[in-house]
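Remarks on the structure that follows.
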Amino acid sequence: MPDHGQKTMPLQPRAREASRATRGVAAVAAGQVASLALSFILALIIPRLLGSQDYGNWAVFRSVIDFIALLCTLGTHAVLSQYYVEAAARGDLLESGLIFKTVAVLRFAVGTAAALIGALLLLASRNPLMDGQAAGFLAISILARVGGVAPLMLLYAERRTGRIVVLNVAQSALVPALIAAGYAVGGFRLVPPACALGDTVFAAGCWVLAAPFIRWPRGWLARVRFREIASFGAVLAVAHTTSTAYVTMAPYFMSLAGMSTLLIGRVGLAVRLQNILLGLLWTAGGALWPSITVMRETEGVDRSVVWQSLFCRLGGVLILAAAGIFMAVAGWAVPLVWGPDFIPAIPVISLWFGMTLSFWVGIRYALFGQLMKNPAVVLKASAWMYAVFASLFLAFARRGSGVETVAILLAGTLAFMSYLVFSVRRLWTVSLHARRLLLPLAVTLGMVYFKHWLTTPGRSLIALAVWMGVFTLSVFASRSLRGYEVQEIIAALRHPDRLHIASQTVEGQR
């Protein structure tokens with residue numbers, strides 16, 4: 001238990017990073033909440049406006065963009081948040097500038113090739129609406145997405161949270177708002193150009209807001225240094241791309257299998273809702289990661305593990321809370337908001353939360369492998385994930401209402417998570433204590449037994465209030481979150497000029 005009479009002391013140079021990280025994550029998370037609200041409103045409007053058929057077409061189109069963008073951009077944040085931050089921290093502005101310059105140039109080169117590949121993938125989707133014109137606009141979107149990632153990640157490395165917030169809000173609103181306007185004016189034929197316009201405007205905004213922090217020195221990195229950084233970034237890009245694209249590409253895999261666009265639309269809606277939820281966590285994690293890198297260099301691996309464990313458990317609690325809220329209101333809210341066509345999507349989305357949780361925990365362990373500069377462990381975990389998915393998908397995915405596809409994806413993410421948990425514990429004897437989430441998970445699963453009763457807003461609110469109370473108790477009883485951890489976060493936000501030492505004391509005694 002924390003000592004309520006605990007002492008405080010002025011921040012020392014190393015401890016200052018903890019306060020800066022807490023405030024930075026909180027600021028970015030607060031901005032992401034605004035983005036989340038916008039995304040949620042637009043997620044209510046877009047499926048209703050497009051209908052289940054055209055929403056399935058949109059899911060196929062956007063899934064290709066998301067997949068290719070991930071393929072080309074993952075590894076950028078890792079390189080900048082580790083190598084760039086390390087160089088800047090020791091005052092080597094020349095090397096940090098050369099690192100950014102190298103990353104930006106390579107991303108533009110890769111993005112150009114990726115745009116062509118994405119266009120070919122779209123044309124191969126066996127969808128008559130995905131013609132040459134749509135493929136051309138998709139290529140523009142991919143080039144913009146890839147080209148804008150370097151300045152955006154630079155803002156994370158420099159921890160310019162205000163500018164990050166502006167861009168996150170813009171990103172959540174631009175493309176959905178433009179495709180809604182385009183569809184209202186000219187139907188689905190205007191959706192691809194509206195998407196390309198939104199992605200291009202966002203990329204331009206990234207470069208404008210990052211311009212004051214861009215250093216573009218003459219010359220290039222020494223060959224040995226370039227090989228070291230490029231090798232790390234390339235392996236990590238492949239590792240994280242194969243894992244993150246796994247869920248993003250689900251609608252495309254279903255399209256290749258010749259499945260109905262009605263089924264694709266249900267899974268596509270689950271993907272979009274997951275992107276909103278994980279977008280909040282990814283954004284906060286991106287703001288935190290440079291500080292974790294600094295903390296490992298100054299305080300050692302053990303202290304960085306404490307931070308990663310807390311963030312892993314905090315993200316898991318948020319995912320379970322979102323799942324419980326959805327299951328409490330879905331029975332009446334889904335037909336009211338999206339229309340009766342999406343009622344069969346309720347079990348699909350509910351099960352998708354379970355996949356999101358296992359994927360989240362696996363990724364947090366994967367990032368520890370990144371911190372230890374051993375991304376190969378993530379590649380092996382991804383291989384297990386795809387092996388489980390592919391074998392089950394070929395046998396069972398064409399059947400049912402879409403629930404089967406999500407169950408197969410869940411099996412793959414469980415294999416991914418299990419391999420990483422085992423490997424990280426075996427290689428570095430490290431645990432992020434994600435097993436503490438089992439009790440809150442059981443409480444959330446209990447909502448399934450009441451789904452036939454939750455048919456009106458009144459019943460849902462009563463059930464939700466009771467469930468939230470039980471869920472909160474389970475969170476603290478299981479130590480998924482602990483009182484002193486919550487107090488430390490609040491204290492760092494309220495008193496950024498002071499360092500409360502309760503958490504260090506308790507962690508030392510644990």
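The values are calculated or read from the model by the stated rules, or taken from the named source; none is laboratory data. None of the values given here were measured: they were computed from a predicted structure. Backbone-built Cβ (ideal geometry, glycine too); neighbour counts: all protein chains shown. For the accessible areas, the whole protein counts, side chains as well, though only heavy atoms, and no ligand, DNA or RNA atoms are used. Shrake-Rupley method; radii C 1.70, N 1.55, O 1.52, S 1.80 Å.
Explain nothing, just the number: dipole magnitude of the range 326-438 about its Cα centre with +1 on each Lys and Arg Cβ and -1 on each Asp and Glu Cβ, in debye rounded to the nearest 20.
With Lys and Arg at +1 and Asp and Glu at -1, about 560 debye.
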Worksheet item: For the range 127-134, what does the Karplus curve 6.51 cos²θ - 1.76 cosθ + 1.60, with θ = phi - 60°, yield as ³J(HN,Hα) per residue in whole Hz, taken in order and with x for Gly and Pro?
Response: 10, x, 6, 8, 8, x, 5, 4
Worksheet entry | Table column - 3J(HN,Hα) (Hz), the range 208-224, Karplus curve with 6.51, -1.76, 1.60, x for Gly and Pro | 5, 6, 8, 3, x, 10, 7, 10, 10, x, 6, x, 9, 4, 4, 4, 5
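Could you order Trp307, Trp332 so the one with the most accessible surface comes first? Probe is 1.4 Å.
Putting Trp307, Trp332 in descending order of accessible area: Trp332, Trp307.
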Fill in: Percent accessible area from carbon and sulfur atoms, the range 191-263, protein chains only, probe 1.4 Å
70 percent
Worksheet item: Short version: ³J(HN,Hα) in whole Hz for each residue of the range 406-413, in order, from phi by Karplus 6.51 cos²θ - 1.76 cosθ + 1.60 (θ = phi - 60°), x for Gly and Pro, what are they?
Response: 5, 4, 5, 4, 4, 4, x, 5
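Give the whole-number value, in cubic angstrom per residue, of the convex hull volume spanned by the C-alpha atoms of the range 328-412.
Residue-normalised Cα hull volume stands at 95 Å³.
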Fill in: Rounded accessible area of Ser358 (nearest 10 Å², 1.4 Å probe)
10 Å²
Practice prompt. Rounded to the nearest Å, what's the spacing between the alpha carbon centres of the range 153-176 and the range 38-52? Just the number, please.
Written response: 22 Å
Worksheet, complete the sentence: The correct ranking of Asp131, Asp341, Asp54 by accessible area at 1.4 Å, largest first, is Asp341, Asp131, Asp54
